Amino acid sequence: MEIPYTVEVRRDTGLTNGKIGIWLFLASEVMLFGALFASYILIRTGAEHWPRGDSILNVPMATFNTLVLIGSSVTMVMAWASLVRQRFDTYRIYMGVTILLGFVFLVVKYFEYSHKFHDGLFPRTNNFLAIYFTLTGLHMLHVAGGMAVNAYLWGPGAKLWKTNPVWFTNRVENSGLFWHFVDLVWIFLFPTLYLL
Amino acid sequence: MTNDHTTTDHATMDHGGMDHAADIDKQVRIYITVFVALMALTIVTVAISYLHLPTAMAITVAVLVATIKGSLVACYFMHLISEKKLIYAVLIVTAAMFLPLLALPVITHRNGFWIH
């Protein structure tokens, strides 16, 4: 069965089905992270004492990771722009760098987590660490998921460019929307958890 | 509902109204500008944290800078600055649900309505 409106826009929505689909998905993601942020606010405002993030967490590593994720967001949008410019080889480079930066982000988080575990700091230790591991862990899963989709679009999924370049470009844009959302979540997680 | 891949006259790269490759050169310059702004604002965020402002002030400033950064990502990288009405409608409904969700714990804490 053929998926409708992957290339042409629907007259009633003015959008392809993939585009409206990814935005509805992102809306649900906003509510998912919103619930966790609300839990964080509730727990923090209700606590008698709450540690500053920088007294427990590694700010330089997180700052580096923030710059890495922002960098990956710009390479992602440049990958899409390369396809619009009909430059497939350039797309491959930008998308490859995006995946690589996502990998760097996860490696840095691995070292952060390892250091915490080595120091005997676990989610069960206190409420701050519980919310820290929950929020950053869920975010990491999103990074990994985005990397998997991007890797598909870099590798086997890129065959679509030869037969239907517009559809492929729309797919890359939709994947990019998810990736930018993951970046956007981190932009709020970073100061909330590490700096306040 | 069919999707005829053989007719490309109305086929479009669905990215917020930018249907011409010529516009992309201008967009790429904007992406680079936004990228530099995001990097600078990240440094500003960290620098401010070293000032050890009072908690309320620190939260206000951090959330403000994060909101500016988030808006840049949403408006330019996610093309929300020139999207279709339906996308805005989806986001307005989302905001109508999301903002009370965040406000609820703050309001209840200040009034002591639910907790105490």
With eigenvalues of the C-alpha gyration tensor scaled by 5 and rooted, the protein assembly as shown, Å:
37, 22, 18
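With charges only on Cβ, +1 for K and R and -1 for D and E, what is the dipole size of region A:3-151 about its Cα centre, in debye, rounded to 20?
260
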What trypsin sites (Lys or Arg not before Pro) does region A:2-74 have in DSSP loop regions with at most 15 other beta carbons within 10 Å?
A:Arg10, A:Arg11, A:Arg52
Tell me the angle of helix A:127-154 to the major Cα principal axis of chain A, expressed in degrees between 0 and 90 and rounded to the nearest ten.
20
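What's the longest bit of chain A with no exposed GluC sites (Glu not before Pro), using DSSP loop states and at most 16 other Cβ atoms within 10 Å as the test?
On the way: sites that count: A:Glu2, A:Glu48.
In chain A, the maximal stretch lacking such sites is A:49-196.
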Relative contact order %, chain A, counting alpha carbon pairs below 8 Å whose residues are six or more apart:
31
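In units of 2.2 N^0.38 Å, what is the alpha-carbon radius of gyration of region A:21-172? Please list the in-between numbers first.
Working: Rg = 18.7 Å, N = 152, 2.2 N^0.38 = 14.8 Å.
Normalised by 2.2 N^0.38 Å, the Cα Rg of region A:21-172 equals 1.26.
Return the calculated 222 nm mean residue ellipticity for chain A, to the nearest 500 deg cm²/dmol, obtained by summing -39500 (n - 2.57) across DSSP H runs with n ≥ 4 and dividing by the residue count.
On the way: 6 runs with 144 residues, N = 196.
After summing the helix terms and dividing by residue count, I get -26000 deg cm²/dmol.
Relative contact order (percent) for region B:18-82, with alpha-carbon contacts under 8 angstrom and 6 or more residues of separation? Walk me through the intermediate numbers first.
Working: 20 pairs, mean separation 23.4, N = 65.
Result for region B:18-82 is 36 percent.
Roughly what percent of Cα-Cα pairs across region B:18-82 reach past 16 Å?
On the way: 1114 of 2080 pairs.
When all Cα pairs of region B:18-82 are counted, 54 percent exceed 16 Å.
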For B:Lys85, go through the lysines and keep the ones whose alpha-carbon is under 16 Å away, minus same-chain ones fewer than eight residues off.
A:Lys19
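Relative contact order, percent, of region A:40-120 when contacts are C-alpha pairs under 8 Å separated by at least 6 residues? Mind showing how you got there, number by number?
Working: 42 pairs, mean separation 24.0, N = 81.
Computed value for region A:40-120: 30 percent relative contact order.
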Leading residue at positive end of dipole, the protein assembly as shown (Cβ point charges), from B:Phe35, B:Leu104, A:Ala151
B:Leu104
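Bear in mind that the values in this text are calculations on the coordinates, not laboratory data. Treat the numbers as computed from the prediction; the structure is a model and nothing was measured. Virtual Cβ from ideal backbone geometry, glycine too; neighbours counted across all protein chains shown.
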